[in-house]
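Notes follow the structure.
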Amino acid sequence: MTRKLESYASGRWFAAEDDGRPLLDASTGEEVFRFSAQGLDLGEMTAYARTVGGPALRALTFHERAGLLKALGKHLIEHVAEFHELSLRTGATKGDGMGDIEGGIGTLFASGSVGTRQLPNDTVYLDGDPIPLGKGGTFLGQHVFTSRPGVMVQINAFNFPVWGMLEKLGPAFLAGLPTIVKPAAQTSYVTEAVVRSIVESGLLPEGSLQLLMGSPAGLLDELQVQDHVAFTGSAHTAGLLRNHANVLHGGVTLGVEADSLNCSILGPDVTSDDPELDLFVKGVVTEMTYKAGQKCTAIRRTLVPAPMVDTVIDALTARLARTTVGHPAAEGVRMGALVSLDQREEVRKAIQSLRASAEVVYGDPDRPGNPDLVEADGERGAFLGPVLLRADARAVEPHDVEAFGPVSTVIGYDSLDDAIALAARGKGSLAGSLVTHDPEVARTVVLGLAPWHGRILVLDRDDAGESTGHGVPLPTLVHGGPGRAGGGEEMGGLRGVLHLMQRTALQGSPDMLTAVTGRWTKGSTRATGDVHPFRKSLAELRIGDTIESQPRRVTLDDIEHFAEFTGDTFYAHTDEEAARQNPLFGGIVAHGYLVVSLAAGLFVDPDPGPVLANFGVDNLRFLTPVKADDTIAVTLTVKQITPRTTADYGEVRWDALVTNAAGEPVATYDVLTLVAKEWPATT
Ligand code: NAP
């Protein structure tokens, strides 16, 4: 008997009590593993995630979590050869496997970057600025995101056993949610190998990742309010989950990434001589053949101006004819097998349904090869050559039936409105693409398509060289789509993380907001001591530490000097007569940048010290004009302190307020500096 795959549950590897069911090599039909979770205590698993994994994870700051994700990415990259060997057994070619394995690991690095660049080195994320709620400035609102004390259950589809897990793990880990992964049975051995490697690395806090290698029956019964299910798979299974009592009534949230009938549209501007035609054809063929078309974002509907249908079919046919089908490890094979013989049957049935209103113009659903098979057996292996169909605009099935394999249908359209209406008949898609070099076509079609799509690629000769293509979801962009596509939203950089956290509108006084959020809030207490804050290291600085400068008179000489020195001789600073006509100024005013520069001169402590550099300003606003002989002063307050985990310095954000003699605000902004953790430096 082959090895029984094991679950990783409650801190140990668990082997089921029964023999389990066999999992077969997609290309040879040979048994590769057995699969079962009989006897596994799912209640104990979810409790372990909540009581062990969650607290350990949430004890770390966002930056620490991000650091672990990057370290994990580096660890897994060392082991890809082993994962690729298993991936071949799923019917995937080496190229297919790279999207899954290296692509999946890439999402860990991307999540790591989101954590360090876009989240604070803290456990609370502040959503926007404080909102004044009273005239006196003593009552404010602030939106905050905090981690949920729950668990994230991933239920994944068979087609991306590694990427599917890692693209969800990264955002959940950053969000402070421990994860339980339930991979699709058919390809779960690749997921198991990756989880084994993760556990062996010892990098992740215990309990933050568990693996269920068997039936998910009963798993949702164990979930509670604060828990989240991230489902990827068919609309049918999604429907079952949506109707689970704990989702309907128990407060369990559910994200769905389901099937979708994505389209690619060829713009009416494209002629046979344009490079866009070739880009379009390449895109459709890539989406039909990569992973043997078993991709949720693949192009199922190929929408083409009616007069171009024959030209496009000829070009697609010529290109599809070059797609060799066979054993994924065989030399020169471009397309491997579908995941199982059952899946091939499903695809054949779907093609049969499509044929009610479409004709096959390339390929043969009964033929495993293209036309022959390379080093493979078409009876034992789940091979199927690419199949292209053609339908007219009245056809119903191409907008309803998903053939989850190397299949697409070409449909002619008459006008842009027609193309948009056809796209919408998919009832909501993950990804759409438009190939055009005409900006007006781009705007019209994208605005028509956007409400029906999670992502839209506009492809032309200018971006083709760098384009990642129609079907590739990117960790920095949202993945998910409306309607039939499930209505879910994953990845998307920071959005993907915040999606898994709780947003709360916090109300209180400035001092309370400062205490809770760790960021100085306008109106809260300032501490002016004897020591200039520029003399303090990161370890010594405190939120609210303040320097109040001496006043300084801004003379006409200063303004003229600045104008001449910088070359900024804009009339409002140099021409009294013209400046007087200006309705905002009524006479010569100081340059805003002069005010900011003078303010720096007022607050700076010039001697060498822990402040290492100024790396910018945020939110700069000039509020009241400064006229010749006005007096300005600046108040600089420590607003936020963010130590870097990988450096011996951190970032300090200072609130800068420049006022005039009447106490009116002249300019406000945040000064951004790098400050040494210790001073003098200990290393
Ligand atoms: P599926 O049959 O719906 O299975 C998906 C997952 O759900 C598997 O892990 C499956 O486990 C599990 N499952 C099945 N019944 C369940 C139940 N009653 N309760 C809880 N979990 C249950 O889909 P599939 O055939 O694996 O995947 C193909 C479909 O997924 C296609 O339609 C494709 O379009 C869609 N897909 C969507 C995306 C996306 O990002 N939107 C990505 C990939 C695929 P078992 O394997 O153990 O049955």
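Can you name the residue in the stretch 10-24 that is part of a strand (DSSP E or B) and more than 16 Å from Q210 (Cα to Cα) and, of all such residues, is least open to solvent (accessible area, probe 1.4 Å)?
Ranking the qualifying residues of the stretch 10-24, first place goes to L23.
Collect the residues in the stretch 646-675 that are under 24 Å from T123 (Cβ atoms) and buried (at least 16 other Cβ atoms within 10 Å of the Cβ), keeping them in residue-number order.
Y649, G650, E651, V652, R653, W654, D655, L672, T673, L674, V675
Hey, could you check the stretch 247-264 for residues that are assigned to a loop (DSSP other than H, G, I, E, B) and within 30 Å of V347 (Cα to Cα) and say which is farthest from the ligand (Cβ to nearest atom)?
Among residues in the stretch 247-264 that are assigned to a loop (DSSP other than H, G, I, E, B) and within 30 Å of V347 (Cα to Cα), the one farthest from the ligand (Cβ to nearest atom) is L261.
I want to confirm something. Restricting to the stretch 25-67 and keeping residues that are surrounded by 20 or more Cβ atoms within 10 Å (Cβ to Cβ) and among the aliphatic types (A, V, I, L, M), which single residue is farthest from T179 (Cα to Cα)?
Out of the qualifying residues, it is A26.
Is one or more of the residues making up the stretch 275-287 within 22 Å of the chain's Cα centre (by Cα) and within 16 Å of the ligand (Cβ to nearest atom)?
yes
Does A431 satisfy the condition of being at pLDDT 95 or above and either touching a helix residue (DSSP H, G or I) at 6+ places or on another chain (Cβ under 7 Å) or assigned to a strand (DSSP E or B) (or both)?
So A431 fits the description; yes.
Does G381 qualify as being among the small types (G, A, S), outside any strand (DSSP E or B) and in the same structural domain as L279 (by TED's automatic domain parsing)?
For G381, the condition - among the small types (G, A, S), outside any strand (DSSP E or B) and in the same structural domain as L279 (by TED's automatic domain parsing) - is met.
Taking S215 as meeting all but one of (1) assigned to a helix (DSSP H, G or I); (2) more than 21 Å from the chain's Cα centre (by Cα), write down the number of the exception.
Result: S215 fails condition (1) only.
Let's see how each residue does on (1) within 18 Å of S549 (Cα to Cα); (2) in a strand (DSSP E or B); (3) not assigned by TED's automatic domain parsing to the domain that holds P120:
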residue: G601; (1), (2), (3): yes, no, yes
residue: D607; (1), (2), (3): yes, no, yes
residue: L612; (1), (2), (3): no, yes, yes
residue: L620; (1), (2), (3): no, yes, yes
residue: K639; (1), (2), (3): yes, yes, yes
residue: T642; (1), (2), (3): no, yes, yes
residue: A647; (1), (2), (3): no, no, yes
residue: V652; (1), (2), (3): no, yes, yes
residue: D655; (1), (2), (3): yes, yes, yes
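Would you please name the residue that is nearest to Q343 (Cα to Cα), looking only at residues in the stretch 392-405 that are open to solvent by less than 10 Å² (accessible area, probe 1.4 Å) and away from the ligand (no atom under 14 Å from the Cβ)?
P398
Could you list, in sequence order, all residues of the stretch 63-91 that are of a type outside the set (A, V, I, L, M) and out of contact with any Ser or Thr (no Cβ under 7 Å at 6 or more places or on another chain)?
Matches in the stretch 63-91: R65, K70, G73, K74, E78, E82, F83, H84, E85, S87, R89.
Is the stretch 295-303 home to any residue that is surrounded by 17 or more Cβ atoms within 10 Å (Cβ to Cβ), of a type in the set (G, A, S) and assigned to a loop (DSSP other than H, G, I, E, B)?
Yes - at least one qualifying residue is present in the stretch 295-303.
How many of the residues in the stretch 293-324 are closer than 16 Å to S27 by Cβ and out of contact with any helix residue (DSSP H, G or I) (no Cβ under 8 Å at 6 or more places or on another chain)?
Qualifying residue count, the stretch 293-324: 1.
Are there strands (runs of 3 or more DSSP E) fully within the stretch 116-179 with at least 3 residues that are assigned by TED's automatic domain parsing to the domain that holds G91, buried (at least 22 other Cβ atoms within 10 Å of the Cβ) and within 16 Å of the ligand (Cβ to nearest atom)? List them.
Answer list for the stretch 116-179: 152-155.
Applying the selection to the stretch 327-337, what residues are within 26 Å of D259 (Cα to Cα) and more than 16 Å from the ligand (Cβ to nearest atom)?
If the condition is that a residue be within 26 Å of D259 (Cα to Cα) and more than 16 Å from the ligand (Cβ to nearest atom), then P328, R334, M335, G336 are the ones that fit.
Might you let me know whether the stretch 310-325 holds any residue that is surrounded by 24 or more Cβ atoms within 10 Å (Cβ to Cβ), within 16 Å of the ligand (Cβ to nearest atom) and more than 17 Å from P368 (Cα to Cα)?
no
Out of the residues in the stretch 464-491 that are part of a loop (DSSP other than H, G, I, E, B) and either under 8 Å from the mean Cα position of the chain (by Cα) or among the basic types (K, R) (or both), which is farthest from the ligand (Cβ to nearest atom)?
Result: T476.
Give the residue that is surrounded by the fewest Cβ atoms within 10 Å (Cβ to Cβ), with candidates limited to residues of the stretch 185-211 that are part of a helix (DSSP H, G or I) and of a type in the set (D, E, K, R).
The residue in question is E200.
Of everything in the stretch 212-246 that's open to solvent by less than 30 Å² (accessible area, probe 1.4 Å), within 11 Å of the ligand (Cβ to nearest atom) and among the aliphatic types (A, V, I, L, M), which residue is nearest to G412 (Cα to Cα)?
Only one residue tops the list, namely A238.
Going by the structure shown, is S208 under 25 Å from the mean Cα position of the chain (by Cα), within 15 Å of the ligand (Cβ to nearest atom) and at negative phi?
So S208 fails the test.
Just to be sure, is V387 free of Cβ contacts under 8 Å to residues at least 40 places away in the same chain and open to solvent by less than 10 Å² (accessible area, probe 1.4 Å)?
Against the criterion (free of Cβ contacts under 8 Å to residues at least 40 places away in the same chain and open to solvent by less than 10 Å² (accessible area, probe 1.4 Å)), V387 qualifies.
Among what's in the stretch 288-309 and is of a type in the set (K, R) and under 23 Å from S87 (Cα atoms), pick the residue that is nearest to the ligand (Cβ to nearest atom).
Only one residue fits best here, namely K295.
Looking at the stretch 208-224 only, could you name the residues that are within 12 Å of R50 (Cα to Cα) and not polar (S, T, N, Q)?
Answer for the stretch 208-224, where residues must be within 12 Å of R50 (Cα to Cα) and not polar (S, T, N, Q): L209, E222, L223.
Please go through (1) away from the ligand (no atom under 16 Å from the Cβ); (2) touching a strand residue (DSSP E or B) at 6+ places or on another chain (Cβ under 6 Å); (3) not in a helix (DSSP H, G or I) for V446 and return the number of the only condition it doesn't satisfy.
(3)
Per-residue answers, yes or no, for (1) touching a helix residue (DSSP H, G or I) at 6+ places or on another chain (Cβ under 6 Å); (2) at pLDDT below 95; (3) open to solvent by 60 Å² or more (accessible area, probe 1.4 Å); (4) under 30 Å from G587 (Cα atoms):
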{"position": "L513", "(1), (2), (3), (4)": "no, no, no, no"}
{"position": "R519", "(1), (2), (3), (4)": "no, no, no, no"}
{"position": "V531", "(1), (2), (3), (4)": "no, yes, yes, no"}
{"position": "L538", "(1), (2), (3), (4)": "no, no, no, no"}
{"position": "E548", "(1), (2), (3), (4)": "no, no, yes, yes"}
{"position": "P551", "(1), (2), (3), (4)": "no, no, yes, yes"}
{"position": "T555", "(1), (2), (3), (4)": "no, no, no, yes"}
{"position": "F562", "(1), (2), (3), (4)": "yes, no, no, yes"}
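The values are calculated or read from the model by the stated rules, or taken from the named source; none is laboratory data. The structure presented is a predicted model; accordingly, all values stated were derived computationally and were not measured. Glycine also receives a Cβ, built like all others from the backbone with ideal geometry; neighbour counts cover every protein chain displayed. Surface accessibility is based on the protein's heavy atoms, side chains included, excluding ligands, DNA and RNA. Shrake-Rupley method; radii C 1.70, N 1.55, O 1.52, S 1.80 Å.
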